[in-house]
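Working notes, structure below.
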Amino acid sequence: MYIPAHFAAVPETVQHLLTRPGAANLVTMTPEGLVATLLPFVYDPDAGEFGALQGHLARNNTQWSAPAVGEALAIIQGADAYISPSWYASKAEHGRVVPTWNYTTAHVYGRLVIHDDPAWLDRQVRRLTGVHESGFDHPWDVDDAPERFIAGQLRAIVGVELVITRIEAKAKLSQNRPEADVDGVVAGLIARGQSGAAADVERARRPN
């Protein structure tokens, strides 16, 4: 990934991308070519030297059974947004401004491990469910469903674990703009209802 120095993600941003509830595109090179699947994951910081992303695929999805050639890649995407030059104070000053796109992303590389193991899958599904249900007033629990039904569902999936070897991360959040332009970006994003993208810009502001 091309990462200019002023857009290099700080460790806190990388940690946020890894630990927030979300999904990633899992990309593998196979003997038949590239294969990709969007899947939710949980981050386990204690697996391997750099942690691991853990999830599952449908058993009928052949990505798990096609041997991965070399490293696998998970692409994690944070908030992203179109940035209008009309939000910049610089537009009124000299007009030398153009549109751009703000985003945060992490390219997580690693060794793909397959877990065709009901016990591992049961733990993974419970942890994944817990992450996403924790904010509900009446969170659903795996044990709310009949045991035989859950056992059947587990037989229909296969676990995947990306044991991380390296991470490339970028946070392109208007760090290269003057403070007045950044103020305009934040206000413009909030006005369009994109509070998450606005908050990312605020966090990335250069120290005064």
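The values are calculated or read from the model by the stated rules, or taken from the named source; none is laboratory data. Here the structure is a predicted model, which means the values were calculated and not measured. All Cβ positions, even for glycine, are placed from backbone atoms using ideal geometry, and neighbour counts span all protein chains on display. Just the protein is used for accessible areas: all its heavy atoms, side chains included, with ligands, DNA and RNA removed. Shrake-Rupley method; radii C 1.70, N 1.55, O 1.52, S 1.80 Å.
Of all residues in the stretch 81-102, how many are of a type in the set (F, W, Y) and crowded, with 18+ Cβ neighbours inside 10 Å?
2
Being of a type in the set (A, V, I, L, M, F, W, C) and at pLDDT below 95 is true for just one of A5, A24. Which residue is that?
Unique residue meeting the criteria: A5.
If I ask for residues that are surrounded by fewer than 13 Cβ atoms within 10 Å (Cβ to Cβ) and in contact with a Ser or Thr (Cβ under 8 Å, 6 or more places away or on another chain), which ones from the stretch 12-28 would you list?
none
Could you tell me which numbered condition D144 fails, if it satisfies all but one of (1) touching a helix residue (DSSP H, G or I) at 6+ places or on another chain (Cβ under 6 Å); (2) open to solvent by 30 Å² or more (accessible area, probe 1.4 Å); (3) closer than 21 Å to H56 by Cβ?
If we test D144 against (1) touching a helix residue (DSSP H, G or I) at 6+ places or on another chain (Cβ under 6 Å); (2) open to solvent by 30 Å² or more (accessible area, probe 1.4 Å); (3) closer than 21 Å to H56 by Cβ, just (1) comes out false.
For the stretch 44-60, give me each residue that is surrounded by fewer than 19 Cβ atoms within 10 Å (Cβ to Cβ) and either modelled with pLDDT of 95 or more or within 15 Å of V108 (Cβ to Cβ) (or both).
D44, P45, A47, G48, E49, F50, L57, A58, R59, N60
Could you name every one of the strands (runs of 3 or more DSSP E) located completely within the stretch 1-108 that has at least 2 residues being under 22 Å from W120 (Cβ atoms), touching a strand residue (DSSP E or B) at 6+ places or on another chain (Cβ under 8 Å) and hydroxyl-bearing (S, T, Y)?
In the stretch 1-108, 33-44 are the strands (runs of 3 or more DSSP E) which contain 2 or more residues that are under 22 Å from W120 (Cβ atoms), touching a strand residue (DSSP E or B) at 6+ places or on another chain (Cβ under 8 Å) and hydroxyl-bearing (S, T, Y).
If you go through the stretch 192-204 one residue at a time, do you hit one that is surrounded by fewer than 20 Cβ atoms within 10 Å (Cβ to Cβ), on the phi > 0 side of the Ramachandran plot and not basic (K, R)?
Quick first cut of the stretch 192-204, residues surrounded by fewer than 20 Cβ atoms within 10 Å (Cβ to Cβ) only: 192-196, 199, 202-203.
From what is left, the residues that are on the phi > 0 side of the Ramachandran plot are 193.
Subsequent filtering for residues that are not basic (K, R) retains 193.
Yes: one or more hits.
Being of a type in the set (V, I, T), in contact (Cβ under 8 Å) with a residue 40 or more places away in the chain and closer than 30 Å to G48 by Cβ is the filter; apply it to the stretch 150-191 and report the residue that is surrounded by the most Cβ atoms within 10 Å (Cβ to Cβ).
Restricting to residues being of a type in the set (V, I, T), in contact (Cβ under 8 Å) with a residue 40 or more places away in the chain and closer than 30 Å to G48 by Cβ, the top hit is V160.
Does the stretch 62-74 hold any residues that are open to solvent by 50 Å² or more (accessible area, probe 1.4 Å) and not aromatic (F, W, Y), and which are they? Please lay out each step first, then the result.
So the first thing to find is which residues in the stretch 62-74 are open to solvent by 50 Å² or more (accessible area, probe 1.4 Å), and the list is 62, 64-65, 67, 69-71.
Of everything in the stretch 62-74, those that are open to solvent by 50 Å² or more (accessible area, probe 1.4 Å) and not aromatic (F, W, Y) turn out to be T62, S65, P67, V69, G70, E71.
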